[in-house]
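Working notes, structure below.
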Amino acid sequence: MKFKVVEKFVSINGEGTLAGQLAVFIRFAGCNLNCSYCDTSWANKIDVPYELMTNEEIYNYIKSTGVRNITLTGGEPLLQTGILELLKILSNDKELHVEIETNGSVPLDKFLNMKNPPSFTMDYKLPSSNMEDKMLLDNFKYLSAKDTVKFVSGCMEDLEKAKYIIDKYNLINKTHIYISPVFDKINLETIVDFMKDNKMNGVNLQVQLHKIIWNPNERGV
């Protein structure tokens, strides 16, 4: 089995519970969604350049970096043919911490039956994404304390829907919760004021560190 890898690099985690820590990023080609604010849409184009890599080649590259945090991203990594086999190889190495960035439209249950399952950073696509109807609400019951739900918000309607979902599915007591702004679409003060007004204890505001450190359109960072 070979995977279409459009990027592989070492950088810092720009988001989530490991923000600021080194990570190896493996970005796969292709996605089943088309979010209005997607900042990696180039990776989803049919003619995107890619490198074909086997399970073993990906694992060997990861080990060669000496970095223990692994982020599988895309595109949508869980749609890759053979991804379960790759996850089993990675899970057998107890030195690695594997995180998967997934868009919320792919069932998670079949990826949990392994000795050392990955952690998921799962999006819930809010109204401004134009993809909310693709969300699989059943996924919430498979999340645990090591996982994260990310709400990318670009307007007040998004924030209100995020709060509704957080409350309805009791996410605060289940997993990590992050609200992330759509870059250049909403003021950070607006999000903080909304969190204050609604007493959103246990919710984290995050900014994308990589877009602060480097040019927001820079790749491989």
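Readers should treat all values here as calculations from the given coordinates under stated rules, not as data from a laboratory. This structure is a prediction, so every number in the text was calculated from the model and none was measured. Neighbour counts run over all protein chains shown; Cβ positions are idealised from the backbone, glycine included.
Summary of values
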quantity	calculated
Between 0 and 90°, nearest 10: helix 188-197 axis offset from the chain longest Cα axis	60 degrees
Unpartnered cysteines - no second Cys beta carbon under 4.7 Å - across the chain	31, 155
Inter-probe distance in nm under a simple model that places probes 7 Å from Cα toward Cβ, at residue 40 and residue 93	1.9 nm
The chain: angle of helix 156-168 to the longest principal axis, Cα-based, in degrees nearest 10	80 degrees
Residues residue 65 and residue 144, FRET efficiency given R0 of 25 Å [Cβ-Cβ distance, rounded to 0.05]	0.35
Estimated inter-spin distance, residue 155 and residue 185, nm [label 7 Å along Cα→Cβ]	0.9 nm
Cα long-axis angle, helix 55-65 against the chain (0 to 90 degrees, to the nearest 10)	80 degrees
Helical mean residue ellipticity (222 nm; -39500 (n - 2.57) per DSSP H run of 4+; nearest 500) of the chain	-6500 deg cm²/dmol
Low-density loop positions, trypsin sites (Lys or Arg not before Pro), the stretch 67-170 - DSSP coil, at most 12 other Cβ in 10 Å	94, 115
HN-Hα J in Hz across the stretch 33-46 - Karplus 6.51, -1.76, 1.60, θ = phi - 60°, x for Gly and Pro	10, 9, 5, 4, 10, 3, 9, 10, 4, 4, 6, 9, 6, 4
Across 8/115; 2/211; 168/196; 4/94; 8/45; 63/174, pairs whose alpha-carbon gap is larger than 29 Å	2/211; 63/174
Longest site-free stretch - the chain; sites: GluC sites (Glu not before Pro), DSSP loop, at most 16 other Cβ within 10 Å	96-217
Charged-residue dipole, Cβ positions (Lys, Arg, Asp, Glu), the chain about Cα centre, Debye nearest 20	480 debye
Computed FRET value (nearest 0.05) for residue 132 with residue 84, which takes r as the C-beta separation and R₀ as 35 Å	0.80
Bins of 10 Å from zero: percent of alpha-carbon pairs in the chain	8, 34, 39, 17, 3, 0
